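A.B. asks: Here it is, the structure in full.
No lab work stands behind these numbers, since they all come straight from the coordinates. This is a predicted model, so every value here is computed, not measured. Glycine also receives a Cβ, built like all others from the backbone with ideal geometry; neighbour counts cover every protein chain displayed.
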Amino acid sequence: MTHSDSPPIFAHDANNVLEKIGQEKLLKMLRQMLLIRQFELRAEASYQQGKIGGFLHLYIGEEAIQTAAVEVLGPNNWYSATYRCHAITLLLGESPESMMAELFGKKSGNAQGRGGSMHMYSKRLLGGFGIVAGQLPVATGAAFTCKYLNKKDELSVCFFGDGAMAQGVFHESLNLASMWGLPCLYVIENNKWSMGTPLKRTLANYDQFPHKFAESYGARYIRLDGMDLTNCYAGFQEAKKHVLSEQKPMVIECLTDRFRGHSVSDPGLYRTKEELAKCMEQDPLLVCKQYLEKKNWLTDEKYKEMERECREQIIKAVKYADEAPWPDPKELESGVLAPPLKV
């Protein structure tokens, strides 16, 4: 959702970026996006079969953002995410088997079956958060830790949606980060609908968000095309350089589209089939595939082979999750810090 007075997309030369990335790394990122897509598709199917309970929020259509971010920023920074957290967990090295087992509520899951879809973790992922904007103060705290320990080569990365921009904690976090000079990168994954309502119905002066807001706190802001891997890659490179050299926060807005509803149970009646079809013409996987084909770095046959390999890998993960043991009810209270109240 753009306006005449909105900031332009971050300028980049796609061909130059492609040359800098190189064929090998670009193919690796495409494979990562394909793996994420296949994971989400198989998770969706399993949910519809009744094998996954609770809510399930899919990242289909947004894969380029976090794939580029982790490739540029590296796995040794601190990451915080929304409840749409499957992609970032995969990118930070968690296995599809442990993640699918977590969705199935199994003992061998990422959080021993206790967190489910919305609460994934990894060595450097501080968690997927079920509360809108709940990860913002945690990410800001991680940035404070980097500063306090004088780790000038580390930063904190916080992913959140456009629906979180009206939350007070967004203001408070960015204000503190700016006042204290914290190396925190706030990444807005703007899929335009929040849960199911466009920003123009929830934010006063919505066309001024978030760039005017970021600037009012002295934070640099750039806008990226979240469907274009090369634009995301170039933008995160710029962000890494700025945040680490200046030791200041920065706000990135990634304009993107999700190809499913807010969750699998959301029919998405707030947009037409024609609008959705238009969005899907800019599928980040196909955009990346076209870049590679133009460079003669990929053929359609090779793409289909990569897609098949990723699909088979995730099918194995589903089988693993289906056959994995359930947690023992006797362990229900393990890890609970407060003892049960005795009446």
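A.B. asks: If you take the charge dipole of segment 133-191 about its Cα centre, with +1 on Lys and Arg Cβ and -1 on Asp and Glu Cβ, which of V157, S178, N190 is farthest toward its positive end?
C.D. replies: Towards the positive end, the residue furthest out is S178.
A.B. asks: Taking H as built 1.01 Å from N, whose amide H comes closer than 5 Å to the amide H of G127, not counting residues under 5 places away?
C.D. replies: For G127, the qualifying residues are A81, S122.
A.B. asks: Follow-up. I need Y186, Y148, Y270, Y291 ordered by Cβ neighbour count within 10 Å, fewest first.
C.D. replies: Y148, Y270, Y291, Y186
A.B. asks: So who's got an amide H within less than 5 Å of the one on Q112, skipping anything under 5 residues away but keeping other chains? H placed 1.01 Å off N, in plane.
C.D. replies: none
A.B. asks: Cα atoms only, segment 257-343: Rg and Dmax in Å?
C.D. replies: Every Cα atom of segment 257-343 included, Rg and Dmax give 22.1, 72 Å.
A.B. asks: ³J(HN,Hα) across segment 232-245 via Karplus (A = 6.51, B = -1.76, C = 1.60, θ = phi - 60°), whole Hz, x for Gly/Pro?
C.D. replies: After applying 6.51 cos²θ - 1.76 cosθ + 1.60, I find 5, 4, 5, x, 6, 4, 4, 5, 4, 4, 5, 5, 6, 6 Hz.
A.B. asks: Same structure again: Given a 10 angstrom Cα cut-off, can you work out which residue in F170, F159, F236 is the most mobile in a GNM of the chain?
C.D. replies: Of the options given, F170 has the highest mean-square fluctuation.
A.B. asks: Give me the one-decimal nm value for the distance between modelled label points at Q282 and N15, 7 Å along each residue's Cα-to-Cβ direction.
C.D. replies: So the label points at Q282 and N15 sit 2.3 nm apart.
A.B. asks: Take the alpha-carbon positions of segment 128-238, form their convex hull, and give its projected area averaged over all directions (one quarter of the hull surface) in nm².
C.D. replies: Numbers: hull surface 29.1 nm².
If you wrap the Cα atoms of segment 128-238 in a convex hull and average its projections, you get 7.3 nm².
A.B. asks: Using the 2.2 N^0.38 Å rule of thumb for compact globular proteins, work out how the chain stacks up: its C-alpha Rg over that value, please.
C.D. replies: 0.99
A.B. asks: Same structure again: I'd like the per residue volume of the convex hull spanned by the Cα atoms of segment 1-132, given in cubic angstrom. Present the calculation step by step, with values, prior to reporting the outcome.
C.D. replies: Values: hull volume 17.8 nm³, N = 132.
So the per-residue Cα hull volume is 135 Å³.
A.B. asks: Among 90-97, 195-202, how do they line up from the highest to the lowest mean number of other beta-carbon atoms within 10 Å?
C.D. replies: Most protected by this proxy first, the peptides run 90-97, 195-202.
A.B. asks: Would you look at the GNM of the chain, springs on alpha carbons closer than 10 Å, and say which of N191, N15, N231 moves the most?
C.D. replies: Highest fluctuation of the listed residues: N15.
A.B. asks: Specify the inter-centroid distance of segment 1-56 and segment 210-282, based on alpha-carbon positions, in whole Å.
C.D. replies: 11
A.B. asks: Using just the helices of the chain, give the 222 nm mean residue ellipticity in deg cm²/dmol: DSSP H runs with n ≥ 4 each add -39,500 (n - 2.57), and the total is spread over all residues, rounded to 500.
C.D. replies: Calculated mean residue ellipticity at 222 nm is -14000 deg cm²/dmol.
A.B. asks: Right, something else. Give the aspartates and glutamates whose C-alpha is closer than 15 Å to that of K107, dropping any in the same chain fewer than 8 places away, or say none.
C.D. replies: Excluding near neighbours in sequence, the set is E97, D322, E323, D328, E331, E333.
A.B. asks: Let me ask something additional. Give the lysines reachable from K278 as a straight Cα distance under 17 Å; neighbours fewer than 8 places away on the same chain don't count.
C.D. replies: K192
A.B. asks: Under a point-charge model restricted to the Cβ atoms of Lys and Arg (+1) and Asp and Glu (-1), what is the dipole moment magnitude of the chain relative to its Cα centre, in debye to the nearest 20?
C.D. replies: Working: 41 positive and 42 negative charges, 111 e Å.
Result for the chain is approximately 540 debye, rounded to the nearest 20.
A.B. asks: Positive end of the dipole of the chain, charges at C-beta (+1 Lys, Arg; -1 Asp, Glu), about the Cα centre: which of N77, A142, F39 has its Cα farthest in that direction?
C.D. replies: Comparing the listed Cα positions along the dipole, A142 ranks first.
A.B. asks: Out of residues 5 or more away from L224 or on other chains, whose amide H comes under 5 Å of its own, with H placed 1.01 Å from N in the peptide plane?
C.D. replies: Amide H neighbours of L224, under 5 Å, 5+ apart: F10, E253, C254, L255.
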